[in-house]
Amino acid sequence: MTSEVHRRTFLHLMALAGAGTAALPGTAEAGTGFPLVSRGKAATIVVGSGDFPGVRRVVGDLAADVERVTGVRPAVSVDVVPAHGPVVVVGTLGHSPLVDSLVAAGRLDVRGVAGKWETSLSQVVDGTLVLTGSDQRGVIYGVYEVSRRIGVSPWYWWADVPPRRSAELHLPGERFSLGTPRVKYRGFFINDENPALGTWAPAYFGPGKAPGYPGGFTHEFFAKVFETLLRLRGNYLWPAVWGRAFAEDDPLNHATAKEYGVVMGTSHEAPMMRGIEEWNRHAVAAVRDAAGTIVTPGHDPYGGTGEWSFRRNGEAIKAYWADGIRRMAREDFEGVVTLGMRGNGDVSLPDGDGIELMREILATEREILARELSTDVPQVWTLYKEVQRYWAQGLRPPDDVIVVFTDDNWGNIRKHPDLSLPPHPGGYGLYYHFDYVGGGRNYKWVDTALIANTWEQLNQAVSYGNDRLWVANVGDMKGNELPLQFFLDYAWNPAALPASRLSTWEREFAAANFGAAVASDIASVLHDYGRLQSRRKPELLNRKITLQPDGTIVYDDQATPFSLVNYRELDTVTDEWQALAGRASKISSRLPAAYRDAYFELVLYEVQASANLYALRRAEFTNLLYAAQGRASANGLAAVTEARFADDLALAQKYNTGIAGGKWKGFQTQPHIDYGDVARYGPNAPWQQPEKDNVALLDVIFPAVQRVSVPEAAEMGVAVDGSELWWPAAPGRPVLPEFSPFQTAPAQYVDVFNRGRTPFRCTVTAGAPWVRVEPRGGRVDEELRMTVRIDWAQAPKGTTTVPITIAGAGRSVVVDAVVRSVDLPPFWRRGFVEAGGYVSMEAEHGDAVPAAGVSWRPVPDLGMTPFPVTAASRVAGTGPRLEYRMTLFTAGPVTVWAYLSPRSNVLQGDGLRYAISLDDASPQVVNITRATGADDMTMNRQWERTTSDNVNLTSTRHVVASAGPHVLKVWMIDPAVVVQKLVVDTGGLRPSYLGPPESKRLSS
């Protein structure tokens, strides 16, 4: 640069006034604020040639974003500030002479920014917008914040969200900083990437850079990942591992991470900055003698012998690790080094789990680091699955190592730091899952995260001091956009996202991607989607898990967990999904055409496809029931099932070829229907995704539907609400569930069906005029559903059994209706009322009674949990409590079922506990983790049941002294317990997955 240019640049910057600052809450009205684009001209962006690579690169993204919005592309100038026109100066404190000269002259206020971690600052200095930061990522985040505020979504590429077009861009003029992130390292893990991402990426990004590599996961691919990560204010990545080797698949991958300013890591199974696939590619088989001793070890510059065993093949393992650290030093990228070791294929070590072995492994890795690079490089030890056992047994890494606790793969954190001990100097981290491969079943297809549950768990983590490194397993990344963004937003600033703001966050997410006009409606759809999806993963809709009285667990992969006959459960949940899909479709029709692809990717596909899957399962399992009953209508339901299967394929095909010009071809190839088909896919079929030779074949229907041979002659059958039997084949008389004026659902049904092809007429006669049956008979082609209601104004008090006679096709069946009509005294008319042999209460509908500054509080859509979450444990009966007032008509023994979130033993005691009492009786203590084995370090079948069902169901027995008002009390003993629902079984509770609908609640 010439001396004249130096002088002109310096004088221009020194002439700037220091009073103006720029906040970026949005864009200002045209003609006010900083003119980023005005009257068809854009401000010039200036960056220093000596700044960090990530800063020099990101200015190009800012210029491109401005052009996306306005059609005008700003010029980018290196080192030189133009003499005229508005200017945006981008630079890092201490690395940009342009910025540092302003600081030195007192023109730029960097208090609260300089010396911080990843902290940005935007300030207008006499007409020039300065975007600076404490380090390169602080600057990058500030630049991308401008992009957000002018209308470019972080998902503009990964989800095809169009920019909000505007001819003018004026930024407000206050000083603004995003602040310092709470969690230091924040990122995600691309994992379980076959078949979807592994099919799409090679087709989109082309062949690999290494011989024999199938392609796709190149530096061009990772550039898109890195950009999105940074736009979401993340900084840390674990790259894909299923047959992928980040460092080898493209020699430019690490260099690209450095160019973007991204911190690289490797997963919990890949120590010393080397993916396990590198070992698998280069390992050379050893030759052993008869005793098993290696006599010819084989050699490879990248690997060693073929055995991934530190005990039996330690020298080769050490050489392999050392090469990974030397490569890190040679390529000079920023990274966090993973310590420890797991078995090849993300399993436990083949050498056993002796604590001395792991101590030796950690010491060896530290020695290699000290020799080849430095132990000052950030390091992490992840306590995944059985590795947590070492921590429980007292093994501790060196003080500077970050210790990462994990969830149980299903969104339930397994352990928190012990607050009674001095803090670990290296800090703690969290590995969390939005995608998983393993027991009880893979969940990889669509987003199934409930952000209320994620919030509750992340809030616990932060409250217990876990804030050094967070990484989320997001599977293919695409499809988990919403939970990923929430995870990173919360990691950045937990204080800005209390539970009360979750619905606001959803609206902001919708507005940022689709505009304010439809934000509330889209947020409502996303909210209900998460709520409905949280009941059960869609991959598990054909698995019923039953806990037997003797404690054994029975899996049935050819049954629905939702009851077909009790509380109309399967019908109810399916109808809710259909209503949600209808709402989502109406919004799509209102959107401008430019937004519809993004809407399909972020909202509509997952809603429609999930609703369609529920419709398929309802038709399928109703078909199986009706076929067993010999109903002629069973065959029609088989056809409906197949039609819904065709719809599933059509939705996937639309995703693959019908949106974004075919950009995502091959992405919707994830099986989700035929899990459990052992005959077709082998012994791993109950949990592993169906493996097929041709990944284009998405699924088959499993279990298969059945068709019945229907005779010509008419034959009447009768089925009733609450039973899978049919009459007259079943013994005795069918009995409808008890009627009560306090029922939530006022009616019950009787089905009259044809087991033949010839239609017939049926008649219905009720034994009392106040028992109303509609219709009262009629023509039965295949089936006729009749609704039974009670006229309570006419019904006598007490319990009455009324016969309902159904005749047709030469047969007669009598159905008994049991009717209990009760008048409540005034002092009984408060709280929930027993009906149908139970009282069902959602947890948030109780009264919270605090104690010593601790109280139960609601988490929306989740339940009630004690706050603060770090509260000390209490003796039963002394802590805060929840009270549920109810009126019972049944005296004697009752069972209270508590529906709890399936939490692990995160504390330092022997389990998570709560206590429960009825009226003034002594509280009964329940250990929810000991009872189910949820604190077992290696997981177990009980854990599979609770996580698959998303409920830890516990019970206690109590005695009701007399009919009348009673109070059920739930006492806190330990924090971290989440109560979802309570059901008091007085003798009439019927089996169901979700439990009965909430009982009526009276206020006076």
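What follows draws every value from the coordinates through simple rules; no lab data is involved. Just so you know, these numbers come straight off a predicted model, no measurement behind them. Cβ coordinates were reconstructed from backbone atoms using ideal geometry, including for glycine residues, and neighbour counts include every protein chain displayed.
Extension gain for the segment Asp332 to Arg596, taken as residue separation times 0.36 nm less the Cα-Cα distance, is 90.8 nm to one decimal.
Here Ser49 and Ala511 are evaluated by their C-beta separation; at R0 = 35 Å the FRET efficiency comes out at 0.35. Along region 405-416 the Karplus relation, 6.51 cos²θ - 1.76 cosθ + 1.60 evaluated at θ = phi - 60°, assigns HN-Hα couplings of 7, 10, 8, 8, 6, 10, x, 10, 4, 8, 7, 10 Hz to successive residues, with x for each Gly and Pro.
What size of dipole, in debye to the nearest 20, comes out for region 716-821 about its Cα centre when the only charges are +1 on Lys and Arg C-beta atoms and -1 on Asp and Glu C-beta atoms? With Lys and Arg at +1 and Asp and Glu at -1, about 280 debye. Here the peptides 266-278, 397-409, 775-787 are ranked by packing, the mean other Cβ count within 10 Å, and the order with the highest first is 266-278, 397-409, 775-787.
Packing around the peptides 152-158, 809-815, taken as the average count of other Cβ atoms within 10 Å per residue, puts them in this order, highest first: 152-158, 809-815. The stretch between Ala628 and Ala747 holds 40.3 nm of extra length on full extension. This uses 0.36 nm per residue minus the Cα-Cα distance.
The length gained on full extension between Arg164 and Asp781, counted as 0.36 nm times the residue separation minus their Cα-Cα distance, comes to 216.5 nm.
Once you list every other residue whose beta carbon is under 13 Å from the beta carbon of Thr890, what net charge do they have if Lys and Arg are +1 and Asp and Glu are -1?
Here the count lands on -2.
Placing a label point 7 Å from the Cα of Ala921 along the Cα-to-Cβ direction, the residues of region 873-898 whose backbone N falls under 20 Å of that point are 876-879, 881-898. Over the chain, DSSP H runs of length four or greater, each weighted -39,500 (n - 2.57), average out per residue to a 222 nm ellipticity of -9000 deg cm²/dmol. Per-residue 3J(HN,Hα) values for region 455-468, derived from phi via the Karplus relation 6.51 cos²θ - 1.76 cosθ + 1.60 with θ = phi - 60°, read 4, 4, 6, 5, 4, 4, 4, 5, 5, 8, x, 8, 8, 8 Hz in sequence order (x marks Gly and Pro). As a length-normalised measure over Cα pairs under 8 Å and 6 or more apart, the relative contact order of the chain settles at 8 percent.
Axis of helix 219-231 versus longest Cα principal axis of the chain: the two differ by about 80°, to the nearest ten degrees.
Computed from the Cβ-Cβ distance with R0 of 41 Å, the FRET efficiency linking Glu356 to Ser420 stands at 0.90. Only one residue of Phe176, Tyr749, Gly676 has its Cα farthest out toward the positive end of the dipole of the chain, where Lys and Arg carry +1 and Asp and Glu -1 on Cβ, and that residue is Tyr749. Answer rounded, prolate or oblate for region 743-839, using the Cα gyration tensor with square roots of eigenvalues a ≥ b ≥ c: rounded when a/c is under 1.5, else prolate when a/b is larger than b/c, else oblate. Here region 743-839 falls in the prolate category.
Using R0 = 35 Å, the C-beta based FRET efficiency linking Val678 and Ala650 works out to 0.80. As a proxy for reagent exposure, Leu651, Leu131 were ordered by neighbouring Cβ count within 10 angstrom, fewest first; the result is Leu651, Leu131.
Note on Trp410, Trp381: ascending count of other Cβ atoms within 10 Å places them as Trp410, Trp381, the fewest first. Normalised by residue number, the volume inside the convex hull of the Cα atoms of region 697-806 is 149 Å³ per residue. Charges were assigned to the Cβ only: +1 to each Lys and Arg, -1 to each Asp and Glu. The resulting dipole of the chain about its Cα centre is roughly 1840 debye.
Each residue, Lys41 and Thr375, gets one label point 7 Å from its Cα in the Cβ direction; the gap between the two is 6.1 nm. Have a look at Ala363, Gly551, Pro592 and report the one farthest towards the positive end of the charge dipole of the chain, computed about the Cα centre with Cβ charges (Lys/Arg +1, Asp/Glu -1). Comparing the listed Cα positions along the dipole, Pro592 ranks first.
Beta bridges assigned by DSSP with both partners in the chain are antiparallel in approximately 70 percent of cases. Between Glu642 and Glu67, the distance separating the two model label sites (each 7 Å from Cα on the Cα→Cβ line) works out to 5.3 nm.
Report, in degrees rounded to the nearest 10, the 0 to 90 angle that the Cα long axis of helix 355-372 makes with the longest principal axis of the chain. Value to nearest ten degrees: 30.
Ordering Pro422, Trp155, His268 by Cα displacement along the dipole of the chain toward the positive end leaves Trp155 in first place; charges were set at the Cβ atoms of Lys, Arg (+1) and Asp, Glu (-1).
Helix 481-492 and the long axis of the chain differ in direction by around 60°, with both axes built from C-alpha atoms.
Averaging Cα coordinates gives a centre for region 245-261 and one for region 153-210; these two points are 17 Å apart. Taking the square roots of 5 times each eigenvalue of the Cα gyration tensor of the chain, largest first, gives ellipsoid semi-axes of 55, 34, 31 Å. Legend: distances between Cα atoms for Lys537/Lys981; Lys586/Lys654; Lys478/Lys537; Lys544/Lys665; Lys544/Lys981; Lys586/Lys1000; pairs beyond 24 Å are Lys544/Lys665; Lys586/Lys1000. Counting other Cβ atoms within 10 Å as a rough exposure proxy, the listed residues Asp556, Asp476 run Asp556, Asp476 from fewest neighbours to most.
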